[in-house]
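This report concerns only the one structure given below.
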Amino acid sequence: MTKNGKFKCAAIVLFGKDPGRFYPNTFVKIGKFEDDDFTIRFQEVEDGNIIQVLDKVLRTLDYKFLIKNISFVGMNRVETLEYPVPALREMLLNALIHRNYMGAPT
């Protein structure tokens, strides 16, 4: 995680307190689009290190963006996501790990 006494990119992006100071692509935009697929109804931006971003994005998706099917078992309400949480987490981790953090914001 260090080389010649300096932190490598991976250390800053994974664990840094403010990685955006050094690498501009340490944020994720999440948007809700209209039916035309290019008009944004609203969006959220989550930033921080990869560990923080992963947690923030999953929480924001759960609270604001994902559709939950509602059913009842007896008197209990059961909410089921369209996509399993482990699959969402894996997809997001894969995107964050393989992202280019060196270039201009994308």
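The values are calculated or read from the model by the stated rules, or taken from the named source; none is laboratory data. A quick note: this is a predicted structure, and the numbers were derived from the prediction, not measured. Every residue, glycine as well, gets a Cβ built from its backbone with ideal geometry; the counts of neighbours run over all protein chains shown.
Is it fair to say Gln52 is in a strand (DSSP E or B), within 17 Å of the chain's Cα centre (by Cα) and not aliphatic (A, V, I, L, M)? So Gln52 fails the test. Out of Arg99, Arg89, one residue alone is among the basic types (Lys, Arg), surrounded by 10 or more Cβ atoms within 10 Å (Cβ to Cβ), under 19 Å from the mean Cα position of the chain (by Cα) and not in a helix (DSSP H, G or I). It is Arg99. Just give me the residues in region 49-61 being of a type outside the set (A, V, I, L, M), touching a residue at least 12 places away in the same chain (Cβ under 8 Å) and over 15 Å from Ala95 (Cα atoms), in sequence order. Thr60, the sole residue that qualifies.
In the set (1) surrounded by fewer than 14 Cβ atoms within 10 Å (Cβ to Cβ); (2) at pLDDT below 90; (3) out of contact with any Lys or Arg (no Cβ under 7 Å at 6 or more places or on another chain), the condition left unmet by Met75 is number (2). Among the residues of this structure, Tyr63 does not count as one that is under 15 Å from the mean Cα position of the chain (by Cα), among the hydroxyl-bearing types (Ser, Thr, Tyr) and in a loop (DSSP other than H, G, I, E, B). From the list Glu46, Glu79, the one residue that fits, being touching a helix residue (DSSP H, G or I) at 6+ places or on another chain (Cβ under 6 Å) and in a strand (DSSP E or B), is Glu46.
So in region 18-50, with the set limited to residues that are surrounded by 10 or more Cβ atoms within 10 Å (Cβ to Cβ) and among the basic types (Lys, Arg), which one is farthest from Ile97 (Cα to Cα)? So the residue we want is Lys32.
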